[in-house]
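First up is the structure itself, then whatever we jot down about it.
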Amino acid sequence: MRIELLSSSIPPSDLQFLVSFLVNDEVAIDAGAIGLMADLRRQQRVKHVFITHEHLDHVATLPIFLENVYDPGPECVEVLASREVLDFLHGDMFNGRVWPDFIDLSRPSDAFVRTTAIEPLQPITRAGVTITPVPVSHGVATLGLVVDDGRTAVAFPSDTGPTENFWRHLASLDRLKAVFLEASFPRALADLATLTGHLSTVTFADEISKLQRQVRWIVVHRKARHAEVIARELESLGLTNVELIRPGHVYEL
Ligand SMILES: [Zn+2]
Ligand SMILES: [Zn+2]
């Protein structure tokens, strides 16, 4: 499986402002930056976009992306999210003011987008990968996603504070190779992390100890202003198998 966290800074750097992963170039997890890929053919290859929750760093360029790839005709992008998130997208983004209502404007013969509601623990298969949504513990209802191609499984807990069910779900997944886990805040802001449903460098170590198996832990979602401090604090914990994400790098897992 090929996984890439898209760069979201100008020029590209290790700073991460927005969230979107590509899986095998055809499935996107979150739409923070997919509308910014300079190679439009890469945007056109993305046919299925899973949205974990409605926070702006995860949906920011969804309208731009749908505009970029629209081709008159019945073929269109599929956006998959919980019913609640789909309602937010329709009411707050594609509402005819912030952006045209691509959802109501879509007809079977000429569509901008089609939406599919996903449910916790109900696997759904798209473009050769099976994706299982598993709730995590964030400030708003959020679905972590487990992506499995039959040989390798990779986990995307998305934004989360300390959580339980997600790790229980992964415990029996023998094919699990990597987890892209957030570490949003440094130790000094641990209280803010708790308040907002994120991990700090204090709770990060607790979380990875909940999964009793050897996987690659790839750290994502460091708040840009604290990214260096977070990196130093994680380093000082001396954890094995923990590495910082490299935006724009393709992980072959
Ligand atoms: Zn969030
Ligand atoms: Zn986020």
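The values are calculated or read from the model by the stated rules, or taken from the named source; none is laboratory data. What you are looking at is a predicted structure, and each value in this text was computed from that prediction instead of being measured. Methodologically, a virtual Cβ is constructed for each residue, glycine included, from the backbone with ideal geometry; neighbour enumeration extends over all protein chains shown. These accessible areas exclude ligands, DNA and RNA; they are computed on the full protein's heavy atoms, side chains included. Shrake-Rupley method; radii C 1.70, N 1.55, O 1.52, S 1.80 Å.
Some points to look at:
- Sorting the segments 7-16, 58-67 by their residues' average number of neighbouring beta-carbon atoms within 10 angstrom, most packed first, yields 58-67, 7-16.
- Percent accessible area from carbon and sulfur atoms, the stretch 111-253, protein chains only, probe 1.4 Å: 49
- Restricting attention to the stretch 113-195, close to 80% of DSSP beta bridges with both partner residues there are antiparallel.
- Among beta bridges from DSSP that stay inside the chain, the antiparallel ones total about 50%.
- Most to least packed among 171-178, 140-147 [average Cβ atoms within 10 Å]: 140-147, 171-178
- Nitroxide proxy distance, nm - points 7 Å out along Cα→Cβ at LEU192 and ALA38: 3.3
- Cut-off 12 Å between beta-carbons: net charge of the residues surrounding LEU18, Lys and Arg +1, Asp and Glu -1: -2
- Rounded accessible area per residue of the chain, 1.4 Å, Å²: 46
- Taking the chain and dividing mean pair separation by its residue count, relative contact order in percent (alpha carbons under 8 Å, at least six apart): 17
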